[in-house]
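Participant: Encoded as C-alpha cells, here's the structure I'll be asking about.
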Amino acid sequence: MSDKPRIAVHKFSSCDGCQLAFLNMGEDLINLAEQVEIIHFAEAGPVAEDALVDIAFIEGSVVTAHDQQRIKQIRNNSQYLITIGACATSGGIQALKNLAADAADWPAQIYGQPQYIDSLDQSGAVSDYVKVDFELWGCPINSAQVVELVNSLLRGVSPIDHQDKVCLTCKQEQIVCTLITQGKPCLGPVTRNGCGALCPSFGRDCFGCYGPAENSNTIGLANRFAGLGLLPDEIQRRFKLVHASASENQRIIARDLTQDLAQDLAQESSDE
Ligand code: SF4
Ligand code: SF4
C-alpha cells in the first residue's frame, strides 16, 4: 500500500445508509481525510470511478448486468476490496426476490412502465461475483465499525471479524433480555454483534440486521420461537427479513418447519 492509501467508496443497489456511516464519523472523518486520499466517493464529492486505488469499499448488491461488469472492473482496479453493509455482503433486503417464484412479475405490479426496468432475476452479494477481502456486516453499518476497520488497515493489522452474538453485548452491558423477560422473538442469539445491542437496549427484540453469527443454533432458536407461539411461517419471516440469502438463514428458510417443530415439540413433551 502507498504511504497515503488511495480509497474509493462505490455504490451499487442500496439505500446509501452505509455510506452515511462514513459521513457521520465526525472528527474521525477529518482524521481519516488527513491519512488517506479519497479518490472516489460520489456521495461526498470526489468522482473518479475508474481510478486505481488501494482500498475499495462497496455498498449495495449486484442487481443489473451493468453492475456485474462494474464490480469486476472495480476488483481489477483495487488492491483490497471490502463490502460494507447487508446489501453488499449478502444481497440485502432486496434478496427477498430471490425466494419468490413470481419475482419476474413484480416490476409490472410496481412500476408504471416496467419495460424500462432492466434487472437480473437475483439480487447478489458482491462475493458472488468477485473475491472480497473483508466484510463489514450491518444494516446499516455504524461509524465505530468503519473507524476500527480503517485504523487496522492503516496500521497493517488484520481487522477483527466480530462474529460473537448480540447476546454477548447484552450481558456485557447489563441490558435486560427481551426474549426472557418479555417473551419477544429476539434474533440476538444467532446474530453477530457490532451494533452495541442497539435494539435490546431500547427494549426491542433484535431482527438480525448484522447477519448470522458463527456457530449459531438457528433451529434451537426457531424451537424457542415456536414455544412463544409463533407459527412456522412467522418464524421463517424473522430469518428472511434482512439476510434472506445468507446460508445460515437459508437453513431455516428452506426447511419444512411445520414437520420439524412438531417432531421436536413432541420429543420435548415425551422427555418431560
Ligand atoms: S435481548 Fe436478545 S440479544 Fe439480548 S440477551 Fe436477550 S436474546 Fe440475547
Ligand atoms: S440489535 Fe439486531 S436488529 Fe438491532 S441493530 Fe443490532 S443487529 Fe440490528
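Participant: Taking 0.36 nm per intervening residue step and subtracting the Cα-Cα distance, what contour gain separates Ile30 from Asp121 on full extension? Walk me through the intermediate numbers first.
Facilitator: Working: separation 91, 0.36 × 91 = 32.76 nm, distance 4.08 nm.
Answer, rounded to one decimal: 28.7 nm.
Participant: When the solvent-accessible surface of protein heavy atoms is calculated with a 1.4 angstrom probe, in what order do His66, His40 fall, highest first? Could you put the intermediate results ahead of the total?
Facilitator: Working: His66 115, His40 15 Å².
If we order His66, His40 from most to least accessible, we get His66, His40.
Participant: Given Cβ point charges of +1 (Lys, Arg) and -1 (Asp, Glu) and nothing else, what value in debye, to the nearest 20, does the dipole of segment 6-154 about its Cα centre take? Numbers along the way, then the final one.
Facilitator: Details: 7 positive and 19 negative charges, 55 e Å.
It comes to approximately 260 debye.
Participant: Kindly state, as a whole number, the per residue volume in cubic angstrom of the convex hull around the alpha carbon atoms of the chain.
Facilitator: Numbers: hull volume 41.0 nm³, N = 272.
Considering the Cα atoms of the chain, their hull volume per residue is 151 Å³.
Participant: Can you give the extra length, in nm with one decimal, that the chain gains between Asp105 and Ala44 once fully stretched, where that is 0.36 nm per residue apart less the Cα-Cα distance? Walk me through the intermediate numbers first.
Facilitator: On the way: separation 61, 0.36 × 61 = 21.96 nm, distance 3.61 nm.
My answer for the length gained is 18.4 nm.
Participant: Only Cα pairs within less than 10 Å get springs; with that Gaussian network setup on the chain, which residue of Pro232, Pro46, Pro189 has the largest fluctuation?
Facilitator: Greatest mean-square fluctuation among the candidates belongs to Pro46.
Participant: Accessible area, 1.4 Å probe, largest first: how do Phe134, Phe22 sort?
Facilitator: Ranked from most to least accessible, the order is Phe134, Phe22.
Participant: Another one. What FRET efficiency would be calculated for the residue pair Arg237, Asn76, taking the C-beta separation as r and a Förster radius of 35 Å, to the nearest 0.05?
Facilitator: Numbers: r = 39 Å, r/R0 = 1.12.
With a Förster radius of 35 Å, E is 0.35.
Participant: Moving on to the next point. Based on Cβ point charges of +1 for Lys and Arg and -1 for Asp and Glu, what charge dipole magnitude is obtained for segment 148-192 about its Cα centre, in debye rounded to the nearest 20?
Facilitator: On the way: 5 positive and 4 negative charges, 22 e Å.
The calculated dipole for segment 148-192 is roughly 100 debye.
Participant: Right, another one. Using a Gaussian network for the chain with springs between C-alpha atoms less than 10 Å apart, which of these wobbles most: Glu43, Glu27, Glu248?
Facilitator: Between Glu43, Glu27, Glu248, it is Glu27 that shows the largest mean-square fluctuation.
Participant: Quick one: pull the percentage of alpha-carbon pairs in segment 100-227 with a separation above 19 Å.
Facilitator: Working: 5051 of 8128 pairs.
Everything past 19 Å amounts to 62 percent.
Participant: Sticking with this one: Counting Lys and Arg as +1 and Asp and Glu as -1, each charge on the Cβ, what is the dipole of the chain about the Cα centre in debye, to the nearest 20? Show your work: numbers first, answer last.
Facilitator: Numbers: 20 positive and 34 negative charges, 16 e Å.
Approximately 80 debye in magnitude.
Participant: Run the lone-cysteine check on the chain: no other Cys C-beta under 4.7 Å from the residue's C-beta.
Facilitator: Here Cys15, Cys18, Cys87, Cys167, Cys170, Cys177, Cys186, Cys195, Cys199, Cys206 come out as lacking a disulfide-compatible partner, given the Cβ-Cβ threshold of under 4.7 Å.
Participant: Counting alpha carbon pairs within less than 8 Å and at least 6 residues apart, what relative contact order, in whole percent, applies to the chain?
Facilitator: On the way: 467 pairs, mean separation 43.9, N = 272.
It comes to 16 percent, rounded to a whole number.
Participant: Separate question: Relative contact order of segment 143-202: what whole-number percent is it, with Cα pairs under 8 angstrom and at least 6 residues apart?
Facilitator: 38 percent
Participant: Build a GNM of the chain with springs between Cα atoms under 10 Å: which of Ile58, Ile74, Ile30 gets the top mean-square fluctuation?
Facilitator: In the Gaussian network model the winner is Ile30.
Participant: Run through all the Cα pairs of segment 206-249 and give the fraction in each 10 Å bin from 0, expressed as whole percent.
Facilitator: Result, from short to long distances: 29, 60, 11 percent.
Participant: Rounded, prolate or oblate for segment 89-152? Axes are the square roots of the Cα gyration tensor eigenvalues, ordered a ≥ b ≥ c, and the cut-off for rounded is a/c under 1.5.
Facilitator: Values: a/c = 3.05, a/b = 2.40, b/c = 1.27.
Taking the square roots of the gyration eigenvalues as a ≥ b ≥ c, segment 89-152 is prolate.
Participant: Turning to a different aspect of this structure: May I have the convex hull volume per residue, in Å³, for the Cα set of segment 1-134? Don't skip to the end; give the middle numbers.
Facilitator: Numbers: hull volume 15.2 nm³, N = 134.
Expressed per residue, the convex hull around the Cα atoms of segment 1-134 is 113 Å³.
Participant: Using the Cα atoms as the points, what is the convex hull volume per residue of segment 132-195 in Å³? Each step should come with its number before you reach the end.
Facilitator: Numbers: hull volume 6.5 nm³, N = 64.
It comes to 102 Å³ per residue, whole-number rounded.
Participant: For Leu154 and Asp16, compute 0.36 nm times the residue count separating them, minus their Cα-Cα distance, and round to one decimal in nm.
Facilitator: This chain segment gains 47.2 nm when fully extended.
Participant: For segment 166-271, calculate the relative contact order in percent as a whole number, restricting contacts to Cα pairs under 8 Å that are 6 or more residues apart. Could the numbers behind the result be given before it?
Facilitator: Values: 131 pairs, mean separation 23.6, N = 106.
Dividing the mean separation by the residue count of segment 166-271 yields 22 percent.
Participant: Taking only protein heavy atoms into account and a 1.4 Å probe, give the accessible area per residue of segment 166-271 in Å².
Facilitator: Values: 5410 Å² over 106 residues.
With the other protein chains kept in place, segment 166-271 gives 51 Å² per residue.
Participant: Compute the accessible area per residue over segment 86-153, keeping the other protein chains in place, probe 1.4 Å, unit Å².
Facilitator: Details: 3520 Å² over 68 residues.
Per residue, segment 86-153 has an accessible area of 52 Å².
Participant: Probe radius 1.4 Å, ligands and nucleic acids ignored: give me the carbon and sulfur share of the accessible area of the chain as a rounded percent. If you can, show how the numbers build up before the last one.
Facilitator: Working: 7020 of 13900 Å².
Whole-percent figure for carbon plus sulfur exposure: 50.
Participant: Based on alpha-carbon atoms only, what is the radius of gyration of segment 173-222 relative to the globular estimate 2.2 N^0.38 Å? Walk me through the intermediate numbers first.
Facilitator: Details: Rg = 10.2 Å, N = 50, 2.2 N^0.38 = 9.7 Å.
Normalised by 2.2 N^0.38 Å, the Cα Rg of segment 173-222 equals 1.05.
Participant: Separate question: Please compute, for the alpha-carbon atoms of segment 166-271, the extent along each of the three principal axes and give them in descending order in Å.
Facilitator: Here the Cα extents, ordered largest to smallest, are 37, 30, 21 Å.
Participant: Excluding residues fewer than 8 places away in the same chain, name every one of the aspartates and glutamates whose C-alpha is closer than 13 Å to that of Lys240.
Facilitator: Glu248
The values are calculated or read from the model by the stated rules, or taken from the named source; none is laboratory data. Every value quoted in this text rests on a predicted model; they were computed, and no experiment measured them. Virtual Cβ from ideal backbone geometry, glycine too; neighbours counted across all protein chains shown. All accessible areas refer to the heavy atoms of the entire protein, side chains included, with ligands and DNA or RNA removed. Shrake-Rupley method; radii C 1.70, N 1.55, O 1.52, S 1.80 Å.
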